[in-house]
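The structure appears right after this line, and notes come after that.
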Amino acid sequence: MTKVIFETATIADAIKKADRIAPGKGKAFDKAAGIVFEIEPKNDPAVIVRATNLDVYSMEWVDCLSVEGEPTTWRLPAQLLAQVTGSLPIGSGTTVTLEEVKDGRGHSTVQMTTSGRTKAKFNMMRTEDYPHWSAFDPDTLYTAKDIGGRIAQVEWAAAKSENIEVLVGVHFDGELCMATDRYKFAVAELKIPDLEFPITVPAGLLSQVLKKTGEVSIGVAGGQLLVMPDEHTQLRVVLYGADYPNAKKIMDRDKPNKIKLRKAAFLDIIGRAAAFAGADRFPTLRVYFGQEEVAVMMTNDEIGLLGDVVEVPGYADHKRFEMKFSPDNLRNAISNAPNEEIEIGYDITKPKGIFYVNGGSGYESWVMPRGDVAASADG
């Protein structure tokens, strides 16, 4: 039987990152649930932790304090393991021991003990049908700077589900990263000079597992994006094969009406108004520009209504003009701006025209307003 001892902080962090990737439901859960430990006592490091949701494939080489026994592979329940290790006290000298044990009937489990008094046993899952992938050569990679943070800024605009699969992704063209669902569009500067051709990766996960700032090593091979967030971790990310739409054609920055204001002030009034949406699945936030003010209003037949105002002296010196939005779309477009002062643009002659946000530092977004209360939830 095999026994491995880890520093608590080390194994808790590795399991936390793997749990973010391991699927919790759906088709991927049926095929790739759990976290896999590959243990080879002769290697250094002796443990590899694997996880995949069939879009992202992760391997992390994890240091241990000691390892005994034969080479083996354990597949353990991801969420439960993460909950237990994530709740353990972390400090100098604290350890976690994982050991394969057999009961009287010859059934194997992995027993966890800690330097404290915590004990747990985990039933092992079948490893035979778990996906397998190999490590790649780090020397084939090149540098991308701040990729995790840039993805996080734009992925809110990606489609949640779409017949055109590529729209549920984030697109890189070597100069920008972008995402759109046709009703909203976000773009951030992301220069990758060595990227040979544009690529699109699944949205929703990479921003959680990549650091927000600093350099990350990446490459493209075999229909996958290869990523090394650090020297101990490798990710393979499936690329969408379809061509990405020419979303740049809606990048209209030349709006006749523009306002500069503090991001936090605008988000505050949007948040208070959105609280009045109640159980409405498709709430409409009314936004009014004019008379050197930005105002919002949300009505709800069951709760009532709320209105709020931000003054913008020197801007919006025209008669009041109304636009209607999904609160989440407008809030996301603004909250992901990196700068505290933002610029918004619109055209008072086009109440259904695209609304523009310049968040500074290379971030921009465009949101299609809603035509009326019955408009699409994406609008």
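The values are calculated or read from the model by the stated rules, or taken from the named source; none is laboratory data. Because the structure is predicted, anything quoted here is derived from the model rather than measured. A quick note on method: Cβ atoms are made from the backbone with ideal geometry, for glycine too, and the neighbour counts reach across all protein chains shown.
Scanning the stretch 364-379 for residues that are surrounded by fewer than 22 Cβ atoms within 10 Å (Cβ to Cβ) and either assigned by TED's automatic domain parsing to the domain that holds residue 351 or modelled with pLDDT of 50 or more (or both) returns 371, 372. Residues of the stretch 205-230 that are surrounded by fewer than 18 Cβ atoms within 10 Å (Cβ to Cβ) and without any contact (Cβ under 8 Å) to a residue 60 or more places away in the chain: 222, 223, 230.
Kindly indicate whether any position in the stretch 64-74 is within 12 Å of residue 11 (Cβ to Cβ) and not acidic (Asp, Glu). Yes, the conditions are met somewhere in the stretch 64-74. Can you pull out the residues in the stretch 1-33 that are more than 22 Å from the chain's Cα centre (by Cα) and of a type in the set (Phe, Trp, Tyr)? Across the stretch 1-33, the qualifying residue is only 6.
Contact map, the stretch 300-318: residues that are on the phi < 0 side of the Ramachandran plot paired with residues that are loosely packed, with under 12 Cβ neighbours inside 10 Å and part of a loop (DSSP other than H, G, I, E, B), Cβ distance under 8 Å, separation 6+ or inter-chain. Pairs shown: 302/279.
Take the stretch 143-164 and flag every residue that is among the basic types (Lys, Arg) and either without any contact (Cβ under 8 Å) to a residue 12 or more places away in the chain or closer than 14 Å to residue 188 by Cα (or both).
145, 150
Among the candidates 128, 99, the residue that is among the acidic types (Asp, Glu), modelled with pLDDT of 90 or more and surrounded by fewer than 16 Cβ atoms within 10 Å (Cβ to Cβ) is uniquely 128.
Taking the stretch 327-362 as the range and being acidic (Asp, Glu) and either over 16 Å from residue 265 (Cβ atoms) or not in a loop (DSSP other than H, G, I, E, B) (or both) as the test, the residues that pass are 328, 341, 343, 347.
Taking the stretch 80-161 and the strands (runs of 3 or more DSSP E) fully enclosed by it, the elements with 3 or more residues that are farther than 25 Å from residue 66 by Cα and outside the structural domain of residue 362 (by TED's automatic domain parsing) are at 142-145. In this structure, residue 316 does satisfy being surrounded by 15 or more Cβ atoms within 10 Å (Cβ to Cβ), of a type in the set (A, V, I, L, M) and under 23 Å from residue 354 (Cα atoms).
Filtering the stretch 269-298 to residues that are part of a loop (DSSP other than H, G, I, E, B) and within 14 Å of residue 326 (Cβ to Cβ) leaves 280, 281, 282, 283, 284. Taking the stretch 143-171, which residues are among the polar types (S, T, N, Q) and buried (at least 23 other Cβ atoms within 10 Å of the Cβ)? Answer for the stretch 143-171, where residues must be among the polar types (S, T, N, Q) and buried (at least 23 other Cβ atoms within 10 Å of the Cβ): just 153. Note on the stretch 18-41: residues that are of a type in the set (D, E, K, R), crowded, with 17+ Cβ neighbours inside 10 Å and more than 17 Å from residue 133 (Cβ to Cβ) amount to 1. Checking every residue in the stretch 60-76 against the condition of being outside any strand (DSSP E or B), touching a Phe, Trp or Tyr at 6+ places or on another chain (Cβ under 9 Å) and small (Gly, Ala, Ser) gives zero matches.
For residue 216, are the conditions met, namely being under 17 Å from residue 58 (Cα atoms), at pLDDT 95 or above and among the aliphatic types (A, V, I, L, M)?
Taking the combined requirement at face value, the residue satisfies it.
Look at residue 44 and say whether it is outside any strand (DSSP E or B), of a type in the set (D, E, K, R) and buried (at least 19 other Cβ atoms within 10 Å of the Cβ). It is false that residue 44 is outside any strand (DSSP E or B), of a type in the set (D, E, K, R) and buried (at least 19 other Cβ atoms within 10 Å of the Cβ). All conditions in (1) under 21 Å from residue 366 (Cα atoms); (2) surrounded by 22 or more Cβ atoms within 10 Å (Cβ to Cβ) hold for residue 244, with the sole exception of (2). Every condition in (1) aromatic (Phe, Trp, Tyr); (2) surrounded by fewer than 19 Cβ atoms within 10 Å (Cβ to Cβ); (3) under 15 Å from the mean Cα position of the chain (by Cα) holds for residue 133 except the one numbered (3). If you go through the stretch 258-269 and keep only what is buried (at least 19 other Cβ atoms within 10 Å of the Cβ) and touching a Ser or Thr at 6+ places or on another chain (Cβ under 9 Å), you end up with just 263.
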